[in-house]
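Each reported figure results from applying straightforward, stated rules to the coordinates on display, with no laboratory input. All values derive from a computational prediction rather than experimental measurement. As a convention, Cβ positions derive from the backbone with ideal geometry for all residues, glycine included, and neighbour counts pool all protein chains shown.
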Amino acid sequence: MDIRPGDAFRADDVRGVAVAMLPVSDIARSAAFYRDLLGLAYRREFSRGGVVTGCALSAPEDRYALALRLRDTTPGKADLRDEHPLIMRVPDSAVLDRVFAHAEALGVAPTRGEHPDAAWVEVRDPDGICIRFAVPSRPWHSFVGLHHEDDGTPVLYDKPRLDV
């Protein structure tokens, strides 16, 4: 392969996340949850030994997809309960209000809040994994650190603590 200097990889070559994967305890229950919450279509299924161990759902016009894997078939401790591995960007607070109302109508018991980076609405999937919808309030082109004091008070800082 002949690569010229102008052909070097650039960060803007990546257009977003194509597929996110979550470990779940019940494929059918979780697929139905995400189908109903996000309006996704059931598009792929993966199996071993006659057992469905995973599936994938996609958004209209293939904007993104969500893959689900049976937790018992993943290596290690694939447990994301009480984490929010998916944060879906929405354009404004009106959309956050619609997400909140939609989740309430589904009986999902959404919560909402705000922190230094975004206003958000969050729902828990059947496995206790938190899915967050957010309107960013701060650009990502500069560094900001967030530390939580023992009492939960957030404190921002402007110099990285990790040497990366």
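Values computed for the structure shown
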{"read-out": "Local electrostatic count at Cys55 - Lys and Arg +1, Asp and Glu -1, tallied over other residues with Cβ under 11 Å", "value": "+3"}
{"read-out": "Estimated inter-spin distance, His148 and Glu83, nm [label 7 Å along Cα→Cβ]", "value": "1.5 nm"}
{"read-out": "Counted charge near His84, where neighbours are those whose Cβ lies closer than 9 Å (Asp, Glu -1; Lys, Arg +1)", "value": "-2"}
{"read-out": "Residue-count net charge about Leu66 - beta-carbon cut-off 13 Å; Lys, Arg +1, Asp, Glu -1", "value": "+2"}
{"read-out": "Sites matching chymotrypsin sites (Phe, Trp or Tyr not before Pro) across the range 76-148 that sit in DSSP coil, with at most 10 neighbouring C-beta atoms within 10 Å", "value": "Trp140, Phe143"}
{"read-out": "Of Ala41, Ala59, Ala11, the one that fluctuates the most in a GNM where the chain has Cα springs shorter than 10 Å", "value": "Ala11"}
{"read-out": "Vicinal HN-Hα couplings computed from phi for the range 91-108 (Karplus, 6.51 cos²θ - 1.76 cosθ + 1.60; Hz; Gly/Pro x)", "value": "x, 6, 5, 5, 5, 4, 4, 5, 4, 4, 5, 4, 5, 4, 5, 7, x, 8"}
{"read-out": "Over the chain: helical MRE at 222 nm, DSSP H runs n ≥ 4 each giving -39500 (n - 2.57), nearest 500", "value": "-5000 deg cm²/dmol"}
{"read-out": "Charge dipole (debye, nearest 20) of the range 1-130; +1 at Cβ of Lys and Arg, -1 at Cβ of Asp and Glu", "value": "400 debye"}
{"read-out": "Pairwise label distance in nanometres, Arg10 with Leu106, each label 7 Å out on the Cα-Cβ vector", "value": "3.7 nm"}
{"read-out": "Long-range HN-HN contacts of Leu70 with modeled amide H, under 5 Å", "value": "Val24, Gly54"}
{"read-out": "Cα→Cβ-extended label distance, 7 Å offset, between Asp72 and Glu114, nm", "value": "4.5 nm"}
{"read-out": "Most mobile listed residue (Thr111, Thr74, Thr153) in the chain, GNM with C-alpha springs under 10 Å", "value": "Thr153"}
{"read-out": "For the chain, built as a Gaussian network whose Cα springs stay under 10 Å, the top-fluctuating residue of Pro154, Pro110, Pro60", "value": "Pro154"}
{"read-out": "Low-density loop cleavage sites - trypsin sites (Lys or Arg not before Pro) in the range 63-164, where at most 13 other Cβ are within 10 Å (DSSP)", "value": "Arg63, Lys77, Arg81, Arg161"}
{"read-out": "The range 1-100: GluC sites (Glu not before Pro) in DSSP coil with no more than 13 other Cβ atoms inside 10 Å", "value": "Glu83"}
{"read-out": "Descending Cα extents along the principal axes, the range 16-75, whole Å", "value": "32, 22, 16"}
